[in-house]
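K.L.:
I am attaching a structure below and will ask some questions about it afterwards.
Here, each number is a calculation from the coordinates, and none is a lab measurement. On a predicted model such as this, the values are computed, not experimentally measured, just so you know. Ideal geometry is used to build each Cβ from the backbone, glycine not excepted, and the neighbour counts take in all protein chains shown.
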Amino acid sequence: MSETPDQAAEALRRGELILLPTETVYGLGADAGNPEAVAKIFEAKGRPRFNPLISHVADAVAAESIGAFDDKARALAEAFWPGPMTLVTPVKDVRRVCDLARAGLDSVAIRVPGHAGARSVLAAFDGPVVAPSANRSGRPSPTTFADAVEETGFAVAAAVDGGDCPVGLESTVISVLGGAVSLLRPGAVTRAEIEAVVGPLADGGEGHRSPGRLTLHYAPDAPVRIEAVEARDGELLLGFGPGVGDPRWSLSPSGDLREAAANLFRLLREADRTRPVGIAVSPLPTEGLGEAINDRLRRAAGHIG
Ligand code: TXA
Ligand code: MG
């Protein structure tokens, strides 16, 4: 089963859910202005209603019609959109991004995706589309069409097959509220890339976390053990770098962080299907894209913070 972007836009207009391919992960999409449709997302994912959603729009002009941008927000938008970055700004249009989509906050998270499939759906729909990752709450995000269908395909009226997600990790979420820029969720756009545009980031601290980031997350069924030197009895080892573990189960045999990000969630899911006693993961560098990969792994392992 796979529908066209036009059919997906039709489903959004009818208040139904869709599977939306993006460059980061597959999203579970709904019309951001339709509270009944948005409620179906929380229901399908089993997501707590205090966790707000990202509104996806076609371009920066559409973004500025729903959020209030200052100079720093504009500079970031210019540098990284379309692409794997989400900006949290004061909300401007509470009709097209309903209260439930924002979990009642006076801010809104906005992203202009770069994936051709997402862009076609957004162009055909012509309005903001909320789309959390298409996994059921707490589980690894789907990065292939088959995984997205398996997670929440039951809840959608249209599923757009956009192939494998090339980035494989969710977008970087950046708050640009009150003149300060802070990192709420590390992602494909790195800290260094952001600081090259807006200077040093504010230290967000506990109060500045995304509301959705406080619980065990991205977790397969098998327990995950990180920074593992080797597999223990019955564990499956996901290696990284030359000569570490079985190459078939390596995040990147050559030690490339982009490749590791693209493989991470898919391999966690595939490892889970072999029903191991546990999934052990080799240490990965913490710089650059490694910050986001290590963040997801810590949460998958239940090491929060
Ligand atoms: O790459 C992505 O961002 C994917 C694709 C589908 O676009 N979407 C995604 O959505 O990862 P989700 O719902 O899984 O993660 C959204 C994150 C959550 O941590 C949420 O708490 C945060 O963004 N967020 C949304 N609105 C916010 C707001 N107004 N203030 C602070 N954090 C917000
Ligand atoms: Mg998610």
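K.L.:
For the chain, take the longest principal axis of its alpha carbons; what is the angle in degrees between that and the long axis of helix 116-125, to the nearest 10 within 0 to 90?
P.N.:
Approximately 20 degrees, to the nearest ten.
K.L.:
If you split all Cα-Cα distances of the chain into 20 Å bins from zero, what percentages do you get per bin, shortest first?
P.N.:
Over the chain, the share of Cα pairs per 20 Å bin runs 36, 58, 7 percent.
K.L.:
I need the P(r) histogram for the range 224-300: all alpha carbon pairs, bin width 10 Å from 0 out to the longest distance, whole percents.
P.N.:
21, 60, 18, 0
K.L.:
Counting other C-beta atoms within 10 Å, and keeping those with at most 12, which DSSP coil GluC sites (Glu not before Pro) do you find in the range 236-305?
P.N.:
Passing sites in the range 236-305 are E287.
K.L.:
Give me the one-decimal nm value for the distance between modelled label points at D233 and D203, 7 Å along each residue's Cα-to-Cβ direction.
P.N.:
4.6
K.L.:
Then there's this: Express in nm, to one decimal, how much length is gained between V277 and R191 on full extension, taking 0.36 nm for each residue of separation and deducting their alpha carbon distance. Could you put the intermediate results ahead of the total?
P.N.:
Working: separation 86, 0.36 × 86 = 30.96 nm, distance 3.51 nm.
Going from the current span to full extension adds 27.4 nm.
K.L.:
Provide Rg and Dmax in Å for the range 1-145, with only Cα atoms included in the calculation.
P.N.:
Computed over the Cα atoms of the range 1-145, radius of gyration and Dmax are 13.8, 44 Å.
K.L.:
While we're here: For R14 and S2, calculate 0.36 nm times their separation in residues minus their Cα-Cα distance, and state this gained length in nm to one decimal.
P.N.:
My answer for the length gained is 2.5 nm.
K.L.:
Which of V229, V173, V130 ends up with the largest GNM mean-square fluctuation for the chain, with Cα atoms connected below 10 Å?
P.N.:
Of the options given, V229 has the highest mean-square fluctuation.
K.L.:
Per the helix-only calculation at 222 nm, which mean residue ellipticity applies to the chain, given -39500 (n - 2.57) for every DSSP H run of n ≥ 4 and division by its residues, nearest 500 deg cm²/dmol?
P.N.:
Estimated from H runs of four or more residues: -9000 deg cm²/dmol.
K.L.:
Taking the Cα centre as origin and putting +1 on Lys and Arg beta-carbons and -1 on Asp and Glu beta-carbons, what dipole magnitude results for the chain, to the nearest 20 debye?
P.N.:
In total the dipole reaches around 620 debye.
K.L.:
Can you divide the C-alpha Rg of the range 1-76 by 2.2 N^0.38 Å and report the result to two decimal places?
P.N.:
Here the Cα radius of gyration is 1.23 times the empirical estimate.
K.L.:
Now, a different point. For the chain, take the longest principal axis of its alpha carbons; what is the angle in degrees between that and the long axis of helix 257-273, to the nearest 10 within 0 to 90?
P.N.:
The angle comes out near 70 degrees.
K.L.:
Here is a follow-up. What is the distance, in nm, between label points placed 7 Å from the Cα along the Cα-to-Cβ direction at E78 and at S254?
P.N.:
3.4
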